[in-house]
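Below: the structure, in structure tokens.
The values are calculated or read from the model by the stated rules, or taken from the named source; none is laboratory data. What you are looking at is a predicted structure, and each value in this text was computed from that prediction instead of being measured. Here the Cβ is made from the backbone with ideal geometry for all residues, glycine too, and neighbour counts use every protein chain on show. Areas reflect the complete protein model, heavy atoms only, side chains present, ligands, DNA and RNA absent. Shrake-Rupley method; radii C 1.70, N 1.55, O 1.52, S 1.80 Å.
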Amino acid sequence: MGIIQKYSRSINSSNLKCDEHHFDTDNLAAVALSSALGSVLFRVKYAHDATSYKSLLKVWKAKVLKKAAHRRWPQHVSADKVAKTSLDYWLNDVCNICTGKGHLPLPGVPVLSDEPCPACHGTGKKPLACKKRHENYVKDMIEELEAMTRSAAARAMQKLAKDMDF
């Protein structure tokens, strides 16, 4: 089970005891200690914490603004719009038609079709909707969000691994 699944299970746990049979608090602590931004990314996306969205967007806009200046984006590219579009897409990227499976269910049976979903072409992710002139910048920032999440997840798993008996 990956850290995202462990984190999601811990967030939804009705029993946060910490003893030899219950480890949910360890998962929450590992993610919280992984990185400041990584922790908030996990909380908003996987714990569905809408109350942290505003602060996450503010931090993300500042980060994208720095990246835009450092990478010398053209004047017509709005760093604020790129930040909001990339964060909103990253938080909700699942294809609405196939619900992220990449294939449509066959009618009347609990089996998926062999044909890829016509909306997402089998990726399980909805198409990106943004201005054409912002598209490459938004995709780049989505990759940054993915990389930050992977990095935070890796640090969380390292923290959990230190406590495991092998």
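Has the range 33-47 got at least one residue that is open to solvent by 40 Å² or more (accessible area, probe 1.4 Å), in a helix (DSSP H, G or I), hydroxyl-bearing (Ser, Thr, Tyr) and modelled with pLDDT under 90?
Filtering the range 33-47 down to residues open to solvent by 40 Å² or more (accessible area, probe 1.4 Å) leaves 33, 36, 43, 46.
Right, trim to in a helix (DSSP H, G or I) and you get 33, 36, 43, 46.
From what's left, hydroxyl-bearing (Ser, Thr, Tyr): 46.
Cutting the leftovers down to modelled with pLDDT under 90 gives us 46.
Yes, the conditions are met somewhere in the range 33-47.
If you go through the range 81-134 and pick out every residue that is in contact with a helix residue (DSSP H, G or I) (Cβ under 7 Å, 6 or more places away or on another chain) and part of a helix (DSSP H, G or I), you end up with 11.
Is there a residue in the range 96-111 that is within 23 Å of the chain's Cα centre (by Cα), under 30 Å from VAL59 (Cβ atoms) and touching a residue at least 24 places away in the same chain (Cβ under 8 Å)? Yes - at least one qualifying residue is present in the range 96-111.
Note on the range 120-144: among residues that are of a type in the set (A, V, I, L, M) and surrounded by 15 or more Cβ atoms within 10 Å (Cβ to Cβ), the one that is nearest to HIS103 (Cα to Cα) is ILE142.
Within the range 56-78, can you find the residues that are part of a helix (DSSP H, G or I) and open to solvent by less than 80 Å² (accessible area, probe 1.4 Å)? Spell out how you get there, then give the answer.
At the first step, the residues of the range 56-78 found to be part of a helix (DSSP H, G or I) are 56-71.
Passing the criteria: LEU56, LEU57, VAL59, TRP60, LYS61, ALA62, LYS63, VAL64, LYS67, ALA68, ALA69.
Does LYS81 satisfy the criteria of being within 16 Å of the chain's Cα centre (by Cα) and open to solvent by 80 Å² or more (accessible area, probe 1.4 Å)? Criteria not met by LYS81.
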